[in-house]
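Here is the structure we will look at.
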Amino acid sequence: WDEQVEMAIIGSGFAGLAAGIEAIKHGCKAVTIYEKMAVYGGNSAINGGLFAAPNTPLQQQKGINDSVDIMVADQLKSGRGVADEKLLRHIASHARDALQMTIDAGAEYYPYLQQLGGHSVPRTYQTKVSCGAGITQPLLHECRKVGVTLQNRSKFEGFILTKEGAVAGIRIRYPYYFEDENSGNIVNIRASKGVLVATGGFAQNVNLRMAQDPTLTAEVGCTNAKGATGEAMLEMFRLGAVPVHLAYIQSGPWASPDEGGFGYVSNYAIFNFPHSIAVNCLTGKRFMNEIADRKTRADAELACRDAAGKPLPPIMITSYAHAKEHPTCEKVLKYGVGWKFDSLQAIAKRFNIPLQPLQQQVDEYNAYVKAGDDKQFGKSMAKAKDMYIAAPYTVVRLWPKVHYCQGGVQVNANAEVLDSNTGKAIKGLYAAGEVCGGIHGVSRLGSCSIPECMVMGMTAARSMMGA
Ligand code: ADP
(Lines give C-alpha, C1' and ligand atoms only; values in the text may rest on other atoms or scores of the structure.)
Protein backbone atom coordinates (compact mmCIF):
# COMPACT_ATOMS: atom_id res chain seq x y z
CA TRP A 1 0.00 0.00 0.00
CA ASP A 2 1.13 3.55 -0.77
CA GLU A 3 -1.47 5.28 1.39
CA GLN A 4 -4.15 4.42 3.91
CA VAL A 5 -7.55 5.97 4.67
CA GLU A 6 -10.64 4.73 6.49
CA MET A 7 -13.04 5.70 3.72
CA ALA A 8 -12.25 6.30 0.05
CA ILE A 9 -14.89 8.23 -1.87
CA ILE A 10 -14.59 8.44 -5.64
CA GLY A 11 -16.23 11.48 -7.24
CA SER A 12 -16.98 14.92 -5.83
CA GLY A 13 -20.62 15.48 -6.85
CA PHE A 14 -23.55 15.73 -4.46
CA ALA A 15 -23.27 12.04 -3.50
CA GLY A 16 -19.55 12.09 -2.69
CA LEU A 17 -19.62 15.42 -0.85
CA ALA A 18 -22.66 14.50 1.27
CA ALA A 19 -20.99 11.18 2.14
CA GLY A 20 -17.79 12.92 3.22
CA ILE A 21 -19.60 15.24 5.64
CA GLU A 22 -21.77 12.44 7.03
CA ALA A 23 -18.72 10.19 7.52
CA ILE A 24 -17.01 12.74 9.76
CA LYS A 25 -20.27 13.24 11.67
CA HIS A 26 -20.22 9.53 12.46
CA GLY A 27 -16.67 9.49 13.72
CA CYS A 28 -14.63 8.75 10.60
CA LYS A 29 -11.07 9.98 11.13
CA ALA A 30 -9.67 9.66 7.63
CA VAL A 31 -11.89 10.16 4.60
CA THR A 32 -10.62 11.28 1.19
CA ILE A 33 -12.64 12.27 -1.86
CA TYR A 34 -10.78 11.47 -5.10
CA GLU A 35 -11.86 13.52 -8.14
CA LYS A 36 -10.42 12.85 -11.56
CA MET A 37 -11.03 16.32 -13.02
CA ALA A 38 -9.23 19.53 -12.05
CA VAL A 39 -12.47 21.06 -10.77
CA TYR A 40 -14.69 19.54 -8.12
CA GLY A 41 -18.43 19.09 -8.41
CA GLY A 42 -19.03 17.19 -11.68
CA ASN A 43 -22.55 17.46 -13.10
CA SER A 44 -23.76 18.38 -9.66
CA ALA A 45 -22.15 21.80 -10.04
CA ILE A 46 -23.70 22.58 -13.43
CA ASN A 47 -27.37 21.58 -13.23
CA GLY A 48 -30.31 23.76 -12.24
CA GLY A 49 -29.87 23.40 -8.47
CA LEU A 50 -33.41 22.05 -8.07
CA PHE A 51 -34.17 20.02 -4.94
CA ALA A 52 -37.48 18.19 -4.39
CA ALA A 53 -38.55 17.16 -0.89
CA PRO A 54 -41.89 16.53 0.83
CA ASN A 55 -43.02 18.08 4.14
CA THR A 56 -40.58 20.98 4.04
CA PRO A 57 -40.82 24.30 5.91
CA LEU A 58 -41.70 26.13 2.65
CA GLN A 59 -44.56 23.71 1.95
CA GLN A 60 -45.87 24.22 5.47
CA GLN A 61 -45.60 27.99 5.09
CA LYS A 62 -47.50 27.93 1.77
CA GLY A 63 -50.10 25.44 2.99
CA ILE A 64 -49.20 22.78 0.42
CA ASN A 65 -50.39 19.31 1.33
CA ASP A 66 -47.68 16.78 0.48
CA SER A 67 -46.24 13.56 1.87
CA VAL A 68 -43.64 10.86 1.23
CA ASP A 69 -46.46 8.75 -0.25
CA ILE A 70 -47.55 11.44 -2.75
CA MET A 71 -43.98 12.11 -3.87
CA VAL A 72 -43.22 8.41 -4.30
CA ALA A 73 -46.49 7.93 -6.24
CA ASP A 74 -45.49 10.73 -8.66
CA GLN A 75 -42.09 9.08 -9.18
CA LEU A 76 -43.53 5.61 -9.67
CA LYS A 77 -45.81 6.97 -12.39
CA SER A 78 -42.90 8.52 -14.28
CA GLY A 79 -40.90 5.30 -13.71
CA ARG A 80 -43.58 3.47 -15.73
CA GLY A 81 -43.82 0.42 -13.52
CA VAL A 82 -40.14 -0.48 -13.13
CA ALA A 83 -38.84 1.99 -10.50
CA ASP A 84 -37.57 0.74 -7.11
CA GLU A 85 -40.31 1.74 -4.68
CA LYS A 86 -38.34 0.77 -1.58
CA LEU A 87 -35.40 2.99 -2.48
CA LEU A 88 -37.65 5.86 -3.61
CA ARG A 89 -39.42 5.68 -0.24
CA HIS A 90 -36.10 5.63 1.63
CA ILE A 91 -34.92 8.70 -0.30
CA ALA A 92 -38.18 10.68 0.03
CA SER A 93 -38.27 9.91 3.77
CA HIS A 94 -34.80 11.45 4.27
CA ALA A 95 -34.95 14.21 1.65
CA ARG A 96 -35.82 16.92 4.17
CA ASP A 97 -32.77 16.03 6.31
CA ALA A 98 -30.56 16.16 3.23
CA LEU A 99 -32.00 19.57 2.31
CA GLN A 100 -31.19 20.69 5.85
CA MET A 101 -27.58 19.49 5.45
CA THR A 102 -27.20 21.81 2.45
CA ILE A 103 -28.79 24.73 4.35
CA ASP A 104 -26.54 24.10 7.37
CA ALA A 105 -23.56 24.20 5.01
CA GLY A 106 -24.70 27.60 3.71
CA ALA A 107 -26.78 26.84 0.59
CA GLU A 108 -29.37 29.55 -0.10
CA TYR A 109 -32.71 28.93 -1.78
CA TYR A 110 -35.42 31.16 -3.27
CA PRO A 111 -38.33 31.67 -0.85
CA TYR A 112 -40.77 29.94 -3.22
CA LEU A 113 -41.39 26.42 -4.53
CA GLN A 114 -41.63 25.33 -8.15
CA GLN A 115 -43.92 22.65 -9.55
CA LEU A 116 -41.88 20.70 -12.07
CA GLY A 117 -43.14 18.34 -14.76
CA GLY A 118 -44.71 15.17 -13.35
CA HIS A 119 -44.92 16.48 -9.77
CA SER A 120 -48.49 16.74 -8.51
CA VAL A 121 -47.69 19.62 -6.13
CA PRO A 122 -45.07 22.38 -5.83
CA ARG A 123 -42.22 20.79 -3.82
CA THR A 124 -39.03 21.94 -5.52
CA TYR A 125 -36.55 24.34 -3.96
CA GLN A 126 -34.08 26.17 -6.20
CA THR A 127 -30.75 27.67 -5.18
CA LYS A 128 -30.53 31.46 -5.40
CA VAL A 129 -27.80 31.12 -8.02
CA SER A 130 -30.17 28.86 -10.06
CA CYS A 131 -27.38 26.32 -10.31
CA GLY A 132 -26.12 23.20 -8.51
CA ALA A 133 -22.93 25.05 -7.59
CA GLY A 134 -25.11 26.84 -5.03
CA ILE A 135 -25.02 23.49 -3.19
CA THR A 136 -21.67 21.94 -4.19
CA GLN A 137 -19.70 25.05 -3.19
CA PRO A 138 -21.11 25.17 0.36
CA LEU A 139 -20.70 21.37 0.67
CA LEU A 140 -17.07 21.61 -0.50
CA HIS A 141 -16.46 24.36 2.03
CA GLU A 142 -18.10 22.26 4.75
CA CYS A 143 -16.00 19.20 3.77
CA ARG A 144 -12.81 21.22 4.19
CA LYS A 145 -14.05 22.69 7.46
CA VAL A 146 -14.85 19.34 9.08
CA GLY A 147 -11.69 17.64 7.85
CA VAL A 148 -12.59 15.69 4.70
CA THR A 149 -9.52 15.48 2.46
CA LEU A 150 -10.14 16.47 -1.16
CA GLN A 151 -7.80 15.39 -3.91
CA ASN A 152 -8.38 16.41 -7.54
CA ARG A 153 -6.68 15.05 -10.68
CA SER A 154 -7.09 11.61 -9.11
CA LYS A 155 -8.62 9.05 -11.43
CA PHE A 156 -9.97 5.79 -10.09
CA GLU A 157 -8.68 2.92 -12.22
CA GLY A 158 -9.48 -0.26 -10.33
CA PHE A 159 -10.21 -2.11 -7.11
CA ILE A 160 -7.76 -3.98 -4.93
CA LEU A 161 -9.30 -7.08 -3.39
CA THR A 162 -8.65 -9.30 -0.40
CA LYS A 163 -8.06 -13.03 -0.92
CA GLU A 164 -11.77 -13.55 -0.22
CA GLY A 165 -12.81 -11.07 -2.94
CA ALA A 166 -13.82 -8.17 -0.70
CA VAL A 167 -12.87 -4.63 -1.75
CA ALA A 168 -9.84 -3.58 0.33
CA GLY A 169 -8.74 -0.51 -1.60
CA ILE A 170 -8.35 1.26 -4.92
CA ARG A 171 -5.80 2.15 -7.56
CA ILE A 172 -5.70 5.88 -8.33
CA ARG A 173 -3.88 7.56 -11.21
CA TYR A 174 -2.35 10.83 -9.93
CA PRO A 175 -1.79 13.55 -11.02
CA TYR A 176 -4.16 12.85 -13.87
CA TYR A 177 -4.82 15.18 -16.81
CA PHE A 178 -8.09 14.45 -18.61
CA GLU A 179 -6.49 15.19 -21.98
CA ASP A 180 -3.77 12.55 -21.43
CA GLU A 181 -4.96 9.04 -20.53
CA ASN A 182 -1.53 7.96 -19.29
CA SER A 183 -0.61 10.96 -17.23
CA GLY A 184 0.42 10.51 -13.59
CA ASN A 185 1.39 7.44 -11.60
CA ILE A 186 -0.54 4.62 -9.99
CA VAL A 187 -1.06 4.97 -6.24
CA ASN A 188 -2.46 2.05 -4.18
CA ILE A 189 -4.80 3.20 -1.45
CA ARG A 190 -6.08 1.02 1.36
CA ALA A 191 -9.60 1.89 2.61
CA SER A 192 -10.22 0.08 5.90
CA LYS A 193 -13.95 0.90 6.15
CA GLY A 194 -14.79 0.70 2.48
CA VAL A 195 -14.95 2.39 -0.91
CA LEU A 196 -17.84 4.55 -2.09
CA VAL A 197 -18.21 4.97 -5.83
CA ALA A 198 -20.01 8.27 -6.53
CA THR A 199 -18.81 8.90 -10.07
CA GLY A 200 -22.06 9.94 -11.76
CA GLY A 201 -23.41 8.75 -15.10
CA PHE A 202 -21.98 7.94 -18.53
CA ALA A 203 -23.86 10.37 -20.81
CA GLN A 204 -20.55 11.78 -22.13
CA ASN A 205 -19.34 8.32 -23.21
CA VAL A 206 -20.78 8.28 -26.72
CA ASN A 207 -19.80 4.65 -27.50
CA LEU A 208 -21.30 3.37 -24.28
CA ARG A 209 -24.50 5.40 -24.57
CA MET A 210 -24.92 4.39 -28.22
CA ALA A 211 -24.47 0.75 -27.29
CA GLN A 212 -27.60 1.18 -25.15
CA ASP A 213 -29.49 3.55 -27.44
CA PRO A 214 -28.12 3.97 -31.00
CA THR A 215 -30.12 7.16 -31.52
CA LEU A 216 -27.89 9.00 -28.99
CA THR A 217 -25.11 9.78 -31.48
CA ALA A 218 -22.30 12.28 -31.02
CA GLU A 219 -24.47 14.84 -32.85
CA VAL A 220 -27.10 14.76 -30.09
CA GLY A 221 -26.41 17.49 -27.55
CA CYS A 222 -25.51 16.61 -23.95
CA THR A 223 -25.90 18.65 -20.76
CA ASN A 224 -23.18 16.79 -18.82
CA ALA A 225 -19.71 17.65 -17.57
CA LYS A 226 -16.89 16.02 -19.58
CA GLY A 227 -16.01 13.59 -16.78
CA ALA A 228 -19.31 11.65 -17.03
CA THR A 229 -17.76 8.71 -18.85
CA GLY A 230 -18.73 5.74 -16.69
CA GLU A 231 -15.45 3.82 -16.32
CA ALA A 232 -15.91 3.30 -12.57
CA MET A 233 -19.35 1.80 -13.20
CA LEU A 234 -17.85 -0.61 -15.75
CA GLU A 235 -15.19 -1.61 -13.22
CA MET A 236 -17.96 -2.48 -10.72
CA PHE A 237 -19.64 -4.67 -13.35
CA ARG A 238 -16.32 -6.48 -13.88
CA LEU A 239 -16.30 -7.14 -10.17
CA GLY A 240 -19.76 -8.69 -10.37
CA ALA A 241 -22.18 -5.80 -9.71
CA VAL A 242 -25.67 -6.19 -11.17
CA PRO A 243 -26.29 -3.96 -14.22
CA VAL A 244 -29.76 -2.37 -14.18
CA HIS A 245 -31.70 -0.35 -16.79
CA LEU A 246 -28.66 0.84 -18.77
CA ALA A 247 -30.78 1.67 -21.82
CA TYR A 248 -32.92 4.17 -19.94
CA ILE A 249 -31.05 7.34 -20.80
CA GLN A 250 -33.04 10.51 -20.34
CA SER A 251 -33.02 13.62 -22.45
CA GLY A 252 -33.91 17.01 -20.98
CA PRO A 253 -36.98 18.51 -22.75
CA TRP A 254 -36.09 22.01 -21.56
CA ALA A 255 -32.81 22.23 -23.47
CA SER A 256 -32.16 24.62 -26.36
CA PRO A 257 -30.49 23.88 -29.70
CA ASP A 258 -29.15 27.45 -29.65
CA GLU A 259 -26.56 27.00 -26.85
CA GLY A 260 -24.13 24.32 -25.66
CA GLY A 261 -24.44 22.16 -22.52
CA PHE A 262 -27.07 22.75 -19.85
CA GLY A 263 -27.14 26.45 -20.72
CA TYR A 264 -29.40 29.27 -19.59
CA VAL A 265 -32.55 28.23 -21.45
CA SER A 266 -32.91 25.04 -19.38
CA ASN A 267 -33.50 26.88 -16.10
CA TYR A 268 -35.55 29.54 -17.84
CA ALA A 269 -37.80 26.91 -19.43
CA ILE A 270 -38.17 24.78 -16.27
CA PHE A 271 -39.39 27.86 -14.38
CA ASN A 272 -41.70 29.07 -17.15
CA PHE A 273 -43.29 25.84 -18.47
CA PRO A 274 -46.27 25.94 -16.05
CA HIS A 275 -47.48 29.28 -17.52
CA SER A 276 -46.21 28.96 -21.10
CA ILE A 277 -47.20 27.14 -24.26
CA ALA A 278 -44.96 24.94 -26.38
CA VAL A 279 -45.86 25.22 -30.07
CA ASN A 280 -45.09 23.06 -33.08
CA CYS A 281 -43.74 25.43 -35.76
CA LEU A 282 -45.25 23.43 -38.61
CA THR A 283 -48.81 23.49 -37.27
CA GLY A 284 -48.88 26.52 -34.96
CA LYS A 285 -50.47 24.26 -32.31
CA ARG A 286 -49.52 22.98 -28.87
CA PHE A 287 -48.34 19.38 -28.93
CA MET A 288 -47.83 18.40 -25.26
CA ASN A 289 -48.67 19.07 -21.63
CA GLU A 290 -45.85 21.49 -20.84
CA ILE A 291 -45.44 19.98 -17.36
CA ALA A 292 -45.68 16.29 -18.21
CA ASP A 293 -42.74 14.12 -17.12
CA ARG A 294 -39.44 14.49 -18.97
CA LYS A 295 -39.74 11.47 -21.24
CA THR A 296 -43.28 12.34 -22.34
CA ARG A 297 -42.14 15.82 -23.31
CA ALA A 298 -38.80 14.86 -24.89
CA ASP A 299 -40.55 12.27 -27.07
CA ALA A 300 -43.20 14.82 -28.09
CA GLU A 301 -40.52 17.37 -29.03
CA LEU A 302 -38.52 14.84 -31.05
CA ALA A 303 -41.68 14.16 -33.06
CA CYS A 304 -41.79 17.82 -34.22
CA ARG A 305 -40.64 17.59 -37.84
CA ASP A 306 -40.92 19.66 -41.00
CA ALA A 307 -42.82 18.43 -44.07
CA ALA A 308 -39.72 16.48 -45.20
CA GLY A 309 -39.40 14.78 -41.80
CA LYS A 310 -36.36 16.76 -40.64
CA PRO A 311 -36.16 17.97 -37.01
CA LEU A 312 -38.00 21.27 -36.54
CA PRO A 313 -37.41 22.52 -32.98
CA PRO A 314 -40.66 23.71 -31.39
CA ILE A 315 -40.85 27.04 -29.58
CA MET A 316 -42.00 28.01 -26.12
CA ILE A 317 -44.02 31.24 -25.86
CA THR A 318 -44.21 33.06 -22.53
CA SER A 319 -45.55 36.44 -21.51
CA TYR A 320 -42.55 38.62 -20.79
CA ALA A 321 -44.39 39.93 -17.72
CA HIS A 322 -44.10 36.41 -16.20
CA ALA A 323 -40.80 35.33 -17.74
CA LYS A 324 -38.96 38.28 -16.24
CA GLU A 325 -39.78 37.03 -12.74
CA HIS A 326 -36.85 34.58 -13.05
CA PRO A 327 -33.28 35.94 -13.25
CA THR A 328 -32.40 33.64 -16.17
CA CYS A 329 -34.78 35.62 -18.45
CA GLU A 330 -32.37 38.53 -18.60
CA LYS A 331 -29.49 36.18 -19.46
CA VAL A 332 -31.46 34.33 -22.15
CA LEU A 333 -32.24 37.63 -23.89
CA LYS A 334 -28.76 39.05 -23.35
CA TYR A 335 -26.97 36.06 -24.85
CA GLY A 336 -29.35 35.81 -27.81
CA VAL A 337 -30.67 32.32 -27.01
CA GLY A 338 -34.20 33.72 -26.51
CA TRP A 339 -36.01 36.67 -28.05
CA LYS A 340 -38.62 39.27 -27.20
CA PHE A 341 -41.55 39.99 -29.56
CA ASP A 342 -44.38 42.53 -29.49
CA SER A 343 -46.88 40.48 -31.48
CA LEU A 344 -47.80 36.96 -32.53
CA GLN A 345 -47.38 38.17 -36.13
CA ALA A 346 -43.72 38.84 -35.47
CA ILE A 347 -43.27 35.39 -33.87
CA ALA A 348 -45.05 33.69 -36.80
CA LYS A 349 -42.86 35.52 -39.30
CA ARG A 350 -39.58 34.77 -37.49
CA PHE A 351 -40.25 31.03 -37.06
CA ASN A 352 -42.26 30.52 -40.23
CA ILE A 353 -45.39 29.46 -38.33
CA PRO A 354 -48.89 29.73 -39.88
CA LEU A 355 -50.34 32.77 -38.09
CA GLN A 356 -54.03 31.93 -38.01
CA PRO A 357 -53.72 28.59 -36.15
CA LEU A 358 -51.18 30.17 -33.79
CA GLN A 359 -53.53 33.02 -32.95
CA GLN A 360 -56.37 30.56 -32.47
CA GLN A 361 -54.19 28.38 -30.22
CA VAL A 362 -53.23 31.28 -27.97
CA ASP A 363 -56.91 32.35 -27.64
CA GLU A 364 -57.93 28.78 -26.89
CA TYR A 365 -55.19 28.36 -24.27
CA ASN A 366 -56.13 31.65 -22.60
CA ALA A 367 -59.69 30.34 -22.29
CA TYR A 368 -58.25 27.29 -20.46
CA VAL A 369 -56.35 29.61 -18.12
CA LYS A 370 -59.59 31.48 -17.39
CA ALA A 371 -61.48 28.25 -16.74
CA GLY A 372 -58.57 26.69 -14.82
CA ASP A 373 -58.89 23.60 -17.01
CA ASP A 374 -56.61 22.61 -19.91
CA LYS A 375 -58.99 20.76 -22.22
CA GLN A 376 -56.23 20.08 -24.75
CA PHE A 377 -53.57 18.28 -22.68
CA GLY A 378 -54.85 18.22 -19.10
CA LYS A 379 -51.99 20.31 -17.73
CA SER A 380 -52.34 21.30 -14.08
CA MET A 381 -53.28 24.99 -14.07
CA ALA A 382 -52.50 25.49 -10.38
CA LYS A 383 -49.33 27.47 -11.15
CA ALA A 384 -50.87 29.27 -14.16
CA LYS A 385 -53.79 30.96 -12.42
CA ASP A 386 -54.54 34.30 -14.16
CA MET A 387 -51.31 33.98 -16.15
CA TYR A 388 -52.49 34.63 -19.70
CA ILE A 389 -50.29 34.48 -22.76
CA ALA A 390 -50.19 38.16 -23.65
CA ALA A 391 -47.86 40.63 -25.42
CA PRO A 392 -45.01 41.32 -25.17
CA TYR A 393 -43.78 37.73 -25.46
CA THR A 394 -40.49 35.94 -24.99
CA VAL A 395 -39.62 32.89 -27.08
CA VAL A 396 -36.99 30.15 -26.83
CA ARG A 397 -36.47 27.13 -29.06
CA LEU A 398 -36.54 23.63 -27.54
CA TRP A 399 -34.73 20.42 -28.48
CA PRO A 400 -33.87 17.56 -26.08
CA LYS A 401 -30.27 16.90 -24.95
CA VAL A 402 -28.92 13.76 -23.31
CA HIS A 403 -29.09 14.50 -19.60
CA TYR A 404 -29.24 11.59 -17.17
CA CYS A 405 -28.62 7.83 -16.99
CA GLN A 406 -31.32 6.00 -15.06
CA GLY A 407 -29.21 2.86 -15.33
CA GLY A 408 -26.16 1.76 -13.36
CA VAL A 409 -25.25 -0.68 -10.59
CA GLN A 410 -27.87 -2.14 -8.30
CA VAL A 411 -27.72 -1.08 -4.65
CA ASN A 412 -29.83 -1.79 -1.58
CA ALA A 413 -31.15 0.69 0.99
CA ASN A 414 -27.76 0.55 2.77
CA ALA A 415 -26.08 1.76 -0.46
CA GLU A 416 -24.26 -1.58 -0.68
CA VAL A 417 -23.49 -2.78 -4.21
CA LEU A 418 -25.11 -6.14 -4.94
CA ASP A 419 -23.35 -9.12 -6.51
CA SER A 420 -24.92 -10.69 -9.60
CA ASN A 421 -23.95 -14.23 -8.54
CA THR A 422 -24.98 -14.23 -4.92
CA GLY A 423 -27.49 -11.36 -4.79
CA LYS A 424 -25.66 -10.30 -1.62
CA ALA A 425 -23.64 -7.14 -0.94
CA ILE A 426 -20.09 -7.05 -2.28
CA LYS A 427 -18.03 -6.55 0.90
CA GLY A 428 -16.38 -3.15 1.17
CA LEU A 429 -18.15 -1.67 -1.88
CA TYR A 430 -20.80 1.06 -1.80
CA ALA A 431 -22.32 3.26 -4.51
CA ALA A 432 -24.47 6.40 -4.50
CA GLY A 433 -25.83 8.91 -6.99
CA GLU A 434 -26.25 8.61 -10.74
CA VAL A 435 -23.84 5.67 -10.98
CA CYS A 436 -26.62 3.58 -9.40
CA GLY A 437 -29.40 2.14 -11.55
CA GLY A 438 -33.02 1.11 -11.29
CA ILE A 439 -34.15 3.59 -8.67
CA HIS A 440 -36.18 5.83 -10.99
CA GLY A 441 -37.23 3.29 -13.61
CA VAL A 442 -37.82 4.51 -17.18
CA SER A 443 -37.77 8.25 -16.46
CA ARG A 444 -36.59 10.26 -13.46
CA LEU A 445 -38.63 13.30 -12.44
CA GLY A 446 -36.86 16.65 -12.43
CA SER A 447 -35.32 17.78 -9.11
CA CYS A 448 -35.28 14.21 -7.75
CA SER A 449 -31.59 13.58 -8.43
CA ILE A 450 -30.22 15.94 -5.79
CA PRO A 451 -32.22 14.34 -2.95
CA GLU A 452 -31.26 10.89 -4.24
CA CYS A 453 -27.54 11.68 -4.41
CA MET A 454 -27.50 13.39 -1.03
CA VAL A 455 -29.59 10.80 0.82
CA MET A 456 -27.79 7.80 -0.66
CA GLY A 457 -24.37 9.41 -0.09
CA MET A 458 -25.28 10.00 3.56
CA THR A 459 -26.69 6.47 3.77
CA ALA A 460 -23.47 4.96 2.40
CA ALA A 461 -21.36 6.86 4.92
CA ARG A 462 -23.52 5.67 7.81
CA SER A 463 -23.40 2.08 6.55
CA MET A 464 -19.62 2.17 6.34
CA MET A 465 -19.41 3.58 9.87
CA GLY A 466 -21.79 0.92 11.14
CA ALA A 467 -24.26 3.62 12.25
P1 ADP B 1 -23.55 12.52 -8.65
O2 ADP B 1 -24.53 13.57 -9.07
O3 ADP B 1 -24.03 11.14 -8.82
O4 ADP B 1 -22.94 12.80 -7.32
P5 ADP B 1 -21.67 13.90 -10.45
O6 ADP B 1 -21.66 13.66 -11.91
O7 ADP B 1 -22.16 15.21 -9.97
O8 ADP B 1 -22.40 12.64 -9.77
O9 ADP B 1 -20.20 13.74 -9.88
C10 ADP B 1 -19.41 12.63 -10.16
C11 ADP B 1 -17.95 13.03 -10.14
O12 ADP B 1 -17.14 11.86 -10.27
C13 ADP B 1 -17.55 13.98 -11.28
O14 ADP B 1 -16.94 15.13 -10.75
C15 ADP B 1 -16.58 13.14 -12.12
O16 ADP B 1 -15.57 13.90 -12.71
C17 ADP B 1 -16.03 12.16 -11.10
N18 ADP B 1 -15.50 10.92 -11.68
C19 ADP B 1 -16.02 10.19 -12.71
N20 ADP B 1 -15.25 9.11 -12.98
C21 ADP B 1 -14.21 9.15 -12.11
C22 ADP B 1 -13.06 8.33 -11.91
N23 ADP B 1 -12.81 7.26 -12.67
N24 ADP B 1 -12.19 8.68 -10.93
C25 ADP B 1 -12.42 9.78 -10.15
N26 ADP B 1 -13.48 10.60 -10.31
C27 ADP B 1 -14.37 10.30 -11.27
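What shape does segment 18-58 take by its C-alpha gyration tensor, where a ≥ b ≥ c are the square roots of the eigenvalues and a/c under 1.5 counts as rounded, a/b above b/c as prolate, and the rest as oblate?
oblate
Once the Cα gyration tensor of segment 78-196 is diagonalised, what are the square roots of 5 times its eigenvalues, in whole Å and ordered largest first, as equivalent ellipsoid semi-axes?
35, 21, 16
Residues of segment 245-277 with amide nitrogen under 16 Å from the 7 Å Cα-to-Cβ point of E325?
268-277
What number, rounded to the nearest 500 deg cm²/dmol, is the helix-based mean residue ellipticity at 222 nm of the chain, given -39500 (n - 2.57) per DSSP H run of at least four residues and division by all its residues?
So the helix-based figure for the chain works out to -9500 deg cm²/dmol.
Full extension from K77 to E364: what is 0.36 nm times the residue separation minus their Cα-Cα distance, to one decimal in nm?
100.4 nm
If I stretch the segment between Q4 and N65 completely, what's the gain in nm (0.36 nm per residue apart, minus their alpha carbon distance), one decimal?
Residue separation times 0.36 nm, minus the Cα-Cα distance, leaves 17.1 nm.
Starting from one equal scatterer on each C-alpha and no solvent at all, send me the Debye-based log10 I(q)/I(0) for segment 316-359 at q = 0.19, 0.33, 0.34 Å⁻¹, two decimals.
With one equal scatterer per Cα and no solvent, log10 I(q)/I(0) is -0.63, -1.18, -1.21.
Which value, in Å to one decimal place, does the Kirkwood hydrodynamic radius take for the chain when every pair of different Cα atoms is included?
Roughly 22.7 Å, rounded to one decimal.
Provide, as a two-decimal number, the C-alpha radius of gyration of segment 167-221 over 2.2 N^0.38 Å, N being how many residues it has.
It is 1.55.
Under a plain spin-label model, where a point goes 7 Å from the Cα along Cα-to-Cβ, how far apart in nm are D97 and K163?
3.9 nm
How large is the Kirkwood hydrodynamic radius of segment 1-145, in angstrom, based on all distinct alpha carbon pairs?
So the Kirkwood estimate lands at 16.4 Å.
With +1 assigned to the C-beta of every Lys and Arg and -1 to the C-beta of every Asp and Glu, and no other charges, what is the dipole magnitude of segment 186-314 about the Cα centre in debye, to the nearest 20?
Dipole of segment 186-314, to the nearest 20 debye: 300 debye.
Could you check how many percent of all C-alpha pairs in segment 111-156 are farther apart than 18 Å?
Within segment 111-156, distances greater than 18 Å cover 54 percent of Cα pairs.
Along each of its three principal axes, how wide is the spread of alpha-carbon positions in segment 403-467, in whole angstrom units, largest first?
For segment 403-467, the Cα extents along the three principal axes come out at 32, 27, 14 Å.
Report Rg (one decimal) and Dmax (nearest whole number) for segment 212-260, counting Cα atoms only, units Å.
Using the Cα atoms of segment 212-260, the pair Rg, Dmax is 13.5, 42 Å.
Under Stokes-Einstein, with the Kirkwood radius over Cα pairs standing in for Rh, what whole-number D in µm²/s applies to segment 225-380 at 20 °C and 1.002 mPa s?
Estimated diffusion coefficient is 122 µm²/s.
First compute the accessible area of segment 128-188 with a 1.4 Å probe, then give the percent of it belonging to carbon and sulfur atoms.
47 percent
I need the peptides 187-200, 83-96 ranked by packing, meaning the mean over residues of other C-beta atoms within 10 angstrom, with the highest value on top.
187-200, 83-96
May I ask for the percentage of alpha-carbon pairs in segment 62-108 that lie more than 15 Å from each other?
I get 54 percent for the Cα pairs in segment 62-108 exceeding 15 Å.
After finding the eigenvalues of the alpha carbon gyration tensor for segment 301-389, what semi-axes result from the square roots of 5 times each, listed largest first in whole Å?
Semi-axes, largest first: 22, 20, 14 Å.
Looking at the chain only, what percent of DSSP beta bridges run antiparallel? Nearest 5 please.
70 percent
What is the calculated FRET efficiency for E85 to D373, with r their C-beta to C-beta distance and R₀ = 35 Å, to the nearest 0.05?
According to the calculation, E is roughly 0.65.
How high is the relative contact order of segment 4-136? Use alpha-carbon pairs under 8 Å, at least six apart in sequence, and give a whole percent.
Taking the mean separation of contacting Cα pairs over the length of segment 4-136, I get 30 percent.
What Kirkwood hydrodynamic radius do you get for segment 275-352 when you take the inverse of the mean 1/r over all pairs of distinct Cα atoms, in Å?
13.7 Å
Grab the beta carbon distance between T283 and A218, set R0 = 25 Å, and tell me the FRET efficiency rounded to 0.05.
With R0 = 25 Å, the Cβ-Cβ based efficiency is 0.25.
Express the carbon and sulfur contribution to the solvent-accessible surface of segment 345-467 as a percent, rounded to the nearest whole number, probe 1.4 angstrom.
48 percent
Could you list log10 I(q)/I(0) for segment 236-323 at q = 0.14, 0.20, 0.22 Å⁻¹, which the Debye formula gives when each Cα is one point scatterer?
-0.57, -0.97, -1.13
Keeping all protein chains in place, calculate the accessible area per residue for segment 96-162 (probe 1.4 angstrom), answer in Å².
38 Å²
Per residue, what accessible area does segment 326-423 have, given a 1.4 Å probe and all protein chains present, in Å²?
Using a 1.4 Å probe on heavy atoms only, each residue of segment 326-423 averages 47 Å².
Given 10 °C and 1.306 mPa s, how large is the Stokes-Einstein diffusion coefficient of segment 343-467 in µm²/s, with Rh as the Kirkwood radius over Cα pairs?
84 µm²/s
The values are calculated or read from the model by the stated rules, or taken from the named source; none is laboratory data. Fair warning: this is a prediction, and the values are worked out from it, not measured in the lab. Methodologically, a virtual Cβ is constructed for each residue, glycine included, from the backbone with ideal geometry; neighbour enumeration extends over all protein chains shown. Surface areas here come from the heavy atoms of the whole protein model, side chains and all, with no ligands, DNA or RNA. Shrake-Rupley method; radii C 1.70, N 1.55, O 1.52, S 1.80 Å.
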